[in-house]
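Step one of this worksheet: look at the structure below.
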Amino acid sequence: LKEGEGQDRVLVLEAGLTGRISEWLADGTFVRQWFLSRGAVNGACIDPEEPRHIYFPADGGVMRFAIDYENNSWQPDAVYPDLKLGAGIYPQIVHFKQHKYLCFAGGQGSDQNYSLYRWDSNRWVPSAAVVWSKSRGEDKPGGYWWHDANNDGEVQDAELSEYADHPV
């Protein structure tokens, strides 16, 4: 594409979580960049104890941006691409008894994701969730409540409590 002065420009859209668009001159000189979270339509949340951090669900993971309130800007700060239970919608950060949790209030379709992740120094570890029967390959309505009784972040049969109807 050519800009107003006739100089060739290249726009690059990255398919990763950040949805980064960068602009480059034809000689390879970086010009500027923008960050778009495709998950922003599914809500975002600011950490109440660290208000410079805002979280967006995106492509089964979550992105954290650092907000610079003084300069009215923000930049990607961290990307957590693979949440084991997936990212839902309407995230919320909750601090409880010296722990930080990332909560999701559902999703779309039959695999709605009501899940809770616990922050563990540098990653989000699954802590509790609604697990749909269909997601376990079962052909029946309802599903399971799950809580991580042994703190390993893995869904195990012994940690499931069955329910027959819609739990939420």
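Some observations on this one:
- Residues His99, His53, sorted by accessible area with the largest first, give His99, His53 [1.4 Å probe; ligands and nucleic acids excluded].
- Amide H contacts of Lys100: Trp119, each under 5 Å away and 5 or more positions distant or on a separate chain (H built 1.01 Å from N in the peptide plane; Pro and chain starts excluded).
- Of the residues Trp146, Trp119, Trp132, the one with the largest accessible area comes first in the ranking Trp119, Trp132, Trp146, computed with a 1.4 Å probe on protein heavy atoms.
- Solvent-accessible surface (1.4 Å probe) assigned to Val131 amounts to roughly 20 Å².
- Working note: Karplus 6.51/-1.76/1.60 with θ = phi - 60° gives the stretch 21-32 the couplings 10, 10, 10, 9, 6, 4, 7, x, 6, 5, 9, 6 Hz, where Gly and Pro are set to x.
- Using a Förster distance of 35 Å, the FRET efficiency for Asp152-Arg52 (Cβ separation, nearest 0.05): 0.65
- The modelled label-to-label distance for the pair Arg32/Glu14, using points 7 Å beyond Cα in the direction of Cβ, is 1.8 nm.
- Residues Arg32, Arg20, ordered by accessible area of protein heavy atoms at a 1.4 angstrom probe radius and largest first, appear as Arg32, Arg20.
The values are calculated or read from the model by the stated rules, or taken from the named source; none is laboratory data. In this text, all values refer to a predicted model and were calculated from it rather than measured experimentally. With ideal geometry, Cβ positions are generated from the backbone for all residues, glycine too; neighbour counts draw on all protein chains shown. Heavy atoms of the whole protein, side chains included, go into the accessibility calculation; ligands, DNA and RNA do not. Shrake-Rupley method; radii C 1.70, N 1.55, O 1.52, S 1.80 Å.
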